Amino acid sequence: FRMALATDTKRQVLSANQRHKTDTGSPEVQIALLSQRLALLQSHFQTHKKDNGSRKGLLTLVAKRRRLLTYLRNTDPERYKVVLQRLGIRR
């Protein structure tokens, strides 16, 4: 079971976080897309409390986002701070 983002939602997230017009893979974009999927999964768990299979996927996504944030913090602290503020991630 994979909770994918709707195409229009994904397009909005991309346009809001791109560094340039064709950017689809920068850490900022990846972190924003992961954050969007995490929000979707969190709402899923409000109604499906015992869905432990998807919970494992949630933890995997959280770990992936954390690794990307660590990479961004180590390579460019300014971009890191901007991403945290824009997405409202507590760290």
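The values are calculated or read from the model by the stated rules, or taken from the named source; none is laboratory data. Nothing here was measured: the structure is a model prediction, and the numbers come from that model. Note that each Cβ is placed from the backbone with ideal geometry, even for glycine, and that neighbours are counted across all protein chains shown. Surface accessibility is based on the protein's heavy atoms, side chains included, excluding ligands, DNA and RNA. Shrake-Rupley method; radii C 1.70, N 1.55, O 1.52, S 1.80 Å.
Quick rundown of the values:
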{"quantity": "Inter-label distance for R90 and T47, nm, one decimal - labels placed 7 Å from Cα along Cα-to-Cβ", "calculated": "2.6"}
{"quantity": "DSSP-loop trypsin sites (Lys or Arg not before Pro) across the range 34-72, with at most 10 other Cβ within 10 angstrom", "calculated": "K49, K50"}
{"quantity": "Cα→Cβ-extended label distance, 7 Å offset, between T22 and L40, nm", "calculated": "2.6"}
{"quantity": "Label corresponding to P(r) over Cα pairs in 5 Å bins from 0, in percent when calculated from the structure given, among [x] 3, 17, 25, 22, 17, 8, 5, 3, 1; [y] 2, 10, 12, 12, 13, 12, 13, 11, 8, 5, 2, 0; [z] 2, 13, 24, 23, 19, 11, 5, 2, 0", "calculated": "[z]"}
{"quantity": "Axial C-alpha extent at least 24 Å, average Kyte-Doolittle at least -0.5 - helices from the chain (DSSP)", "calculated": "27-47"}
{"quantity": "Charge context of Q12, other residues only, Cβ under 14 angstrom, K/R +1, D/E -1", "calculated": "+3"}
{"quantity": "The chain - accessible surface per residue (Å², probe 1.4 Å)", "calculated": "70"}
{"quantity": "Structure-based [θ]222 nm, the chain - -39500 (n - 2.57) summed over DSSP H runs of at least 4, per residue, nearest 500", "calculated": "-24500 deg cm²/dmol"}
{"quantity": "Residue order for D23, D76 - accessible surface, 1.4 angstrom probe, largest first", "calculated": "D76, D23"}
{"quantity": "R66-T7 pseudo-label distance in nm [points 7 Å out on the Cα-to-Cβ vector]", "calculated": "3.5"}
{"quantity": "Positive-pole candidate from L14, S54, V82, dipole of the chain, charges at beta carbon", "calculated": "S54"}
{"quantity": "Rounded percent of accessible protein surface that carbon and sulfur make up, the chain, 1.4 Å probe", "calculated": "51"}
{"quantity": "Protein-only accessible surface order, largest first, of S26, S43 at 1.4 Å", "calculated": "S43, S26"}
{"quantity": "Accessible surface of V82 - all protein chains present, 1.4 Å probe, nearest 10 Å²", "calculated": "70"}
